[in-house]
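Read through the structure below, which is laid out as structure tokens, and then see the notes.
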Amino acid sequence: MLRLLAWMSPAFPTGGYAWSHGVEWAVDSGGIKDGATLRVWLEDVLRHGGGRNDAIVLRHAHRAAADEDTLADLTELALATQPSRERRAETVGQGNAFLHAAAAWQPTALRSLAARAGDLPYPVAVGVLAGSQGIPEDSATLALVQAFAANLISAAVRLVPLGQSAGLAVLAGLEATITEIAAETRAATLDDLGGCAFRSDIAAMRHETQYTRIFRS
């Protein structure tokens, strides 16, 4: 648990603070303007978009932590399901940074996968390291989804702007959603990857050409 807390901490240097997953465009276009609209946006992304997909990918990476062939195929699939250039850069940037930052824990399985597959999607990297070091799959999944939501709330706090108290209220309000997604993905197969958070996907694409930007996605 100590390791999982360290890896999912905002202070762990994955560069997550630089990515907004399209939230920056949503704020600029008026789709997110306060705590209530942020919560609705994030619920959709978590249930029907990147949050759910990341949870599924992490679970399968965790189970295959010792199977390099399966992990290589999973890595390829996780990259192929990214809906835009910036979304791909987001997951690869954080995944590769996670590998380097986790060096203190001697992530042999993770280094071996990186040497074979090249770029690592973030949920694959977290799943492999958690699985190879005996961290329970459910705990790792719950922590990843929570960190996903918290990072986007942090971006919105700076962009809207929202006060810290309003951001924490959104995070508290998403607890039931986060736990439900973690539970529902337990039996999910790779055929369940996909989603219908179309506005979030469009936001990521529009962000590529946004006139002024603070975040990389």
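The values are calculated or read from the model by the stated rules, or taken from the named source; none is laboratory data. Keep in mind the model is a prediction, meaning the values are calculated, not measured. So basically every Cβ, Gly included, is an ideal-geometry build from the backbone, and we count neighbours across all protein chains shown.
Taken over the range 163-196, the criterion of being at pLDDT below 95 and hydrophobic (A, V, I, L, M, F, W, C) is satisfied by CYS196 alone. Across the range 79-94, the qualifying residues are those that are in contact with a Phe, Trp or Tyr (Cβ under 9 Å, 6 or more places away or on another chain) and free of Cβ contacts under 8 Å to residues at least 60 places away in the same chain, and the one among them that is surrounded by the most Cβ atoms within 10 Å (Cβ to Cβ) is THR91. Could you pull out the residue among THR189, THR177, THR209 that is surrounded by fewer than 19 Cβ atoms within 10 Å (Cβ to Cβ) and out of contact with any helix residue (DSSP H, G or I) (no Cβ under 9 Å at 6 or more places or on another chain)? On inspection, the qualifying residue turns out to be THR209.
Candidates in the range 29-55 are the residues that are crowded, with 24+ Cβ neighbours inside 10 Å and among the β-branched types (Val, Ile, Thr); of these, the one that is farthest from the chain's Cα centre (by Cα) is ILE32.
Selection of the range 94-140 for residues being polar (S, T, N, Q), under 18 Å from the mean Cα position of the chain (by Cα) and under 13 Å from THR75 (Cβ atoms) yields only ASN96.
Residues in the range 76-125 that are closer than 24 Å to LEU193 by Cα and outside any helix (DSSP H, G or I): THR81, GLN82, PRO83, SER84, GLY118, ASP119, LEU120, PRO121. When ARG158, ARG199 are screened for being in contact (Cβ under 8 Å) with a residue 40 or more places away in the chain, over 18 Å from the mean Cα position of the chain (by Cα), surrounded by 13 or more Cβ atoms within 10 Å (Cβ to Cβ) and assigned to a helix (DSSP H, G or I), only ARG158 passes. Scan ALA26, ALA66 and give me the residue that is modelled with pLDDT under 95 and more than 17 Å from the chain's Cα centre (by Cα). None of the other options fit; the residue is ALA66. If you go through the range 1-21 and keep only what is farther than 12 Å from SER154 by Cα and in a helix (DSSP H, G or I), you end up with LEU2, ARG3, LEU4, LEU5, ALA6, TRP7, MET8.
In a helix (DSSP H, G or I) and either in contact with a strand residue (DSSP E or B) (Cβ under 6 Å, 6 or more places away or on another chain) or crowded, with 17+ Cβ neighbours inside 10 Å (or both), is that true of GLU24? For GLU24, the condition - in a helix (DSSP H, G or I) and either in contact with a strand residue (DSSP E or B) (Cβ under 6 Å, 6 or more places away or on another chain) or crowded, with 17+ Cβ neighbours inside 10 Å (or both) - is met.
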